[in-house]
Amino acid sequence: QVRLVQSGGGLVQAGASLTLSCTASGRTFSDLSMGWFRRVPGKERWFVSAISGSGDNTYYADFAKGRFTISRDNAKNTVYLQMNSLKPEDTAVYYCAADRLLDDLLGDYSIGWWGQGTQVTVSS
């Protein structure tokens, strides 16, 4: 069983930056691919970004490219999402996700484990 604990988030103005963190326990961290998703209440969940277990490969949704950066520190069992140039449309609950298979994250398919979610609100 993998436990994911998120931190970060909050209320910021448009153009600001935020970093989300997600610390995992219960499994060898480097065996896990990690990802970030977001959801606006009442709407579908959207893939944001993912990173392979080694950290060598990263993937981004089009809206995240050039503004968001995913990274991981396998010594700290933690994955990060650095979000720059935030826009009001980035307002959502952000969820950390983990899976043994990167493709599950990329396809948002039967993802193994989820964090508790953290609210990001960007005011205009």
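The values are calculated or read from the model by the stated rules, or taken from the named source; none is laboratory data. Predicted, not measured: the structure shown is a model, and the values here were computed from it. Because the Cβ atoms are built from the backbone with ideal geometry, glycine has one as well, and the counts that use them run over all protein chains shown. These area figures cover heavy atoms from the full protein model, side chains too; ligands, DNA and RNA do not enter into them. Shrake-Rupley method; radii C 1.70, N 1.55, O 1.52, S 1.80 Å.
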Specify the residue with the greatest mean-square fluctuation among G55, G66, G112, computed from a Gaussian network of the chain linking alpha-carbon atoms under 10 Å apart.
-> G66
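For the range 37-100, what % of the accessible area comes from carbon and sulfur atoms, probe 1.4 Å?
Working: 1450 of 3190 Å².
That fraction is 45 percent.
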When the chain is modelled as a GNM with alpha-carbon springs shorter than 10 Å, which of T91, T19, T28 fluctuates the most?
-> T28
Solvent accessible area, Å² - T58, 1.4 Å probe, full protein context = 60
Cα-centre dipole for the chain with unit charges at Cβ (Lys and Arg positive, Asp and Glu negative), debye to 20 = 280
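For D31, D90, what's the largest-to-smallest order of accessible area, 1.4 Å probe? Working shown, then result.
On the way: D31 95, D90 0 Å².
I get D31, D90, largest accessible area first.
Please compute the volume of the convex hull spanned by the alpha-carbon atoms of the chain and report it per residue in Å³.
Cα convex hull per residue, to the nearest whole number: 92 Å³.
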In µm²/s, what is D for the range 75-123 at 4 °C and 1.567 mPa s, where D = kT/(6 pi eta Rh) by Stokes-Einstein and Rh is the Kirkwood radius from Cα pairs?
-> 103
Straight distance only, please: which aspartates and glutamates reach the Cα of K43 with their own Cα at less than 16 Å, same-chain residues fewer than 8 apart left out?
-> E89, D90, D108
When the dipole is taken about the Cα centre of the range 1-52, and only Lys, Arg (+1) and Asp, Glu (-1) are charged at their Cβ, what size is it in debye, to the nearest 20?
-> 160
